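Have a look at the structure below before the remarks.
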Amino acid sequence: MDKLIVTAAVTGGEYVSKATTPYVPSTTDEIVEEVVRCVEAGASMVHLHAKDPVTGEPHSGDPNPILKEYVDRIREEVDVVINLTTGGGRVGNPPEVWDELVRARCGLGQEMMSLNMGTMNRWAEHPTGKIFLNTVDMIERWCGYMVEAGVKPEHEVYDTGMINVCRQLAQKGVVPEPLHVQFVMVGRTGFLPTPKALVYSLDQLPEGWTWSVCALGRYEVPMAAVAMTLGGHVRVGFEDNVFLRYGELATSNAQLVEKVVNIARELDRPIAAPEDARRMLGLRRP
Amino acid sequence: MGKLIITAAVTGGEPVSREMTPYVPCSPEEIVDETVRCWEAGASIVHLHAKEPGTGRPAPDPNPLLKRYIEMIRDRCDIIINVTTGGGRRAAAEELDEMIRERCWLGQEMSSMNMGSINSWVRPHRGTFMNQVPTIERWAGYMREAGVKPELEIYDTGMINAAKMLAERGVFEESVHIQFVMIGSTGISPTPRALLYCLEEKPEGWTWSVCALGRHELPMGAVAMTLGGHVRVGFEDNIYIRRGELAKSNAELVERIVTIAEALNIEVATPDEAREMLGLRRC
């Protein structure tokens, strides 16, 4: 079996702030230090959103300068694959502005960017409303920006139909194969964080593609164990889960990385270094 | 195994117009004649959209036309009437809400309701099909008030989860009926494997039906009835009777499903039997 790529989604994304957990890193310094800790614990990739330095809320302005600062500072400190969100900057801005933000964001020096593969309802409240809008036109255009910039998309799949979308993107030549897919097992309005849902999804995935799983809350670590057993990769971190065990907040993302690394060791699945991950995913060197 | 409820989606819905097939019924008279033909062939439910006479395009103001269809159908046969909550979507949100509320009172037994938002990749409807959770809850309320049973349309597996959560909140009456709309492309693949996965997620006791698009319509109909489900066919989902040959009437598609059911010793439900099975009021 291939080495295991562990992604740490350290910043808490759009949902997790200091109000959710005091341990979420928010300043540039905190985020860079947290990334270093996660790499030391075995993460080969880090997934980043831009945060307000005080509150840990999503940054309310243009996220790109903040993200650039994160990327530059991380490069000085540690070798890790950097994966930036295409989210952020949506609140209060029309979709044309999202387009410009994403196009500009492709040039910040990262190897990868996440890309949501469809539109779905949100069950939870969110500043951008009850719909998570990612139209086919946006997806095709943003893939184009990434391919042009030499950034590899991480295709985020929230339900089974989005696997069909990935396949069509490949067939149409919008993105080169093999694709890398992240199954974001959100439950609620998306697919369930269950082994059965994952096995069904894997049956739909073309051979040769790489894939990873992130599941929310208490499903994060169990579903990671299932994913790595099936040959997939895993993502953990405060963006998806803030607890180390029932009722106990993790004090660092690195604790969650350690958990999955320990499981992998017991299963004799070697952990990928950032260079291994770049080779496996066909990424450029930064 | 229970009896088979066949739904005929005769009008072509939003995508199918005269440009795609000359056989799609468009005028109220054509739509009613076609409904009667499908009823004679074995359909116990008809699913209706409002169409512009002549072109078969979606009608901009659906309610008066739907009312007319319903009244004319009631004069001719006892088929169950299931009215879309689609159509008229260009109206502003509040206007649309009022339109849907009004549409619950046209005399139908059922209304279809989409259980989530999803992209559409296929022209001319490329874009986003928006059905947000608060809208679903509101429209379900209108249906409860009017005594109309919702048919929950499921385009991907997350919508099963959403339906379960809404059911737990008491948004639907006791017995829930779902339609798996197997669109492929941006939604559930029209495959037996996908259907089996969906059925495992479906609560026991919910009744269910399948409609699959294009060439998958009839094979997936056969799979669904074998598994104890119900089936929807018609021009809304498929206009071909076989490769390269347009069906001349929706009734031809109903006949095929009936023939398959007979060969499997599955009895076809009459409208009254279907009312009983789905817990519908008598009209």
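Nothing in this text is a laboratory measurement; each read-out follows from the coordinates by a stated rule. Computed from a prediction, not measured in an experiment: that's the story for all the values here. Methodologically, a virtual Cβ is constructed for each residue, glycine included, from the backbone with ideal geometry; neighbour enumeration extends over all protein chains shown.
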Cut-off under 19 Å on the C-alpha distance; same-chain residues fewer than 8 positions from residue B:202 excluded. Which lysines are left, in chain and number order?
A:196, B:149, B:164
Share antiparallel - DSSP beta bridges, the protein assembly as shown, percent rounded to 5:
15
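Please report A:226, A:184 as a ranked list, fewest other C-beta atoms within 10 angstrom at the top and most at the bottom. List each step's numbers first, then the result.
Values: A:226 18, A:184 24.
Least crowded to most crowded, the residues run A:226, A:184.
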At a 10 Å Cβ-Cβ cut-off, how would you order A:24, A:136, fewest neighbours first?
A:136, A:24
For the range A:6-281, the percent of all C-alpha pairs falling in each 5 Å bin, from 0 up to the bin holding the max distance, is 1, 6, 14, 18, 21, 19, 14, 6, 1, 0
Compute the signed sum of charges (Lys and Arg +1, Asp and Glu -1) over the other residues within less than 11 Å, Cβ to Cβ, of residue A:188.
+1
Calculated FRET efficiency, residue B:71 and residue A:265, Cβ-Cβ r, R0 51 Å, to nearest 0.05?
0.10
Alpha-carbon radius of gyration plus Dmax, which is the widest Cα pair, for the protein assembly as shown in Å
25.4, 79
What helix-only [θ] at 222 nm does chain B give? Using -39500 (n - 2.57) per DSSP H run of at least 4, over all residues, to the nearest 500, the answer is -12000 deg cm²/dmol
Rounded to whole Å and ordered largest first, report the semi-axes of the equivalent ellipsoid of the range B:6-278 derived from its Cα gyration tensor (root of 5λ).
24, 23, 19
Among the aspartates and glutamates, select those whose C-alpha is under 13 Å from the C-alpha of residue B:51, and discard any that sit fewer than 8 residues away in the same chain.
B:14, B:29, B:30, B:61, B:236
Rounded to whole Å, give me the distance from the Cα center of the range B:133-165 to that of the range A:25-41.
44
Of B:198, B:211, A:106, B:77, how do they rank once you tally other Cβ atoms within 10 Å and put the fewest first?
B:77, A:106, B:198, B:211
Starting from the coordinates of the alpha-carbon atoms of the range A:167-253, obtain the Kirkwood hydrodynamic radius over all distinct pairs and give the value in Å to one decimal.
13.9
Note to self: C-alpha centroids of the range A:164-190 and the range A:235-286 sit apart, in Å, by 22
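Work through the residues other than residue A:75 whose Cβ is under 12 Å from its Cβ and net out their charges, Lys, Arg +1 and Asp, Glu -1. Display every interim value, and only then the final one.
Numbers: positive: A:68, A:73, A:285; negative: A:69, A:72, A:76, A:77, A:79, A:111.
Net charge around residue A:75: -3.
Calculate the mean, over all residues of peptide A:159-168, of how many other protein chain Cβ atoms lie within 10 angstrom of the residue's Cβ.
Partner Cβ neighbours, averaged per residue: 6.
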Reachable lysines from residue A:18, criterion Cα separation under 22 angstrom, eight or more residues apart if same chain
A:51
I'd like the distance between the alpha-carbon centres of the range B:205-283 and the range B:1-65, rounded to an integer number of Å.
15
Under 5 Å, built H, 5+ apart or other chain: amide partners of residue A:4:
A:271, A:272
